[in-house]
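The values are calculated or read from the model by the stated rules, or taken from the named source; none is laboratory data. Since this is a predicted model, take the numbers as computed values, not measurements. Every residue, glycine among them, receives a Cβ derived from its backbone with ideal geometry; neighbour counts consider all protein chains shown. For the accessible areas, the whole protein counts, side chains as well, though only heavy atoms, and no ligand, DNA or RNA atoms are used. Shrake-Rupley method; radii C 1.70, N 1.55, O 1.52, S 1.80 Å.
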Amino acid sequence: MIDQTQALALIKARLNRTPGDTSLDVYLLARLDAAAAQLEKTGIRLTGGIDDMLLTVDLAVYNYQNRDKEGREPDWLRARKRERWVQQRDP
C-alpha cells in the first residue's frame, strides 16, 4: 500500500501548498484513495513502490485540478497508466 504521509506531502508540493497547511488534508487524502481505487478498477495492482506512489499522486492531483472540467486525461497520464498496466502483465 502507498505511504499516505509521503503521498500527501507530494500532493501538497504539486499543488504549491505549504507542508504546514492542513486545511485540505482530509480532502486530499480522500482524492488519493479515490485515485488508487480508480487505478485498481482498471486492473493496475498497486505495489506500494515509488513509481506506483507517483502515478497515484499524479492522478489524484489531475483529478483535483480538473474536477469541474470536461474532457479526457492528458496523453502523458494515459500513457503512464497504460505502461504501468502493461508492465505488470509482462512475464
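Using alpha-carbon pairs under 8 Å, 6+ residues apart, how would you state the relative contact order of the chain in percent?
On the way: 62 pairs, mean separation 31.1, N = 91.
The value is 34 percent.
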Between residue 16 and residue 54, what is the label-to-label distance in nm when each label sits 7 Å out along the Cα-to-Cβ direction? 2.2 nm
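Tell me the per residue accessible area of the chain using a 1.4 Å probe; a whole number in Å² is fine. Numbers along the way, then the final one.
Details: 5830 Å² over 91 residues.
Heavy-atom SASA per residue in the chain reads 64 Å².
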Listed highest first by mean packing, meaning other Cβ atoms within 10 Å per residue, what order do 76-89, 50-63 come in? 50-63, 76-89
Over the range 3-52, one equal point on each Cα, no solvent: what is log10 I(q)/I(0) by the Debye formula at q = 0.13, 0.14, 0.23, 0.33 Å⁻¹? -0.32, -0.37, -0.88, -1.31
Would you work out the charge dipole size for the chain about its Cα centre, treating the Cβ of every Lys and Arg as +1 and the Cβ of every Asp and Glu as -1, and quote it to the nearest 20 debye? 220 debye
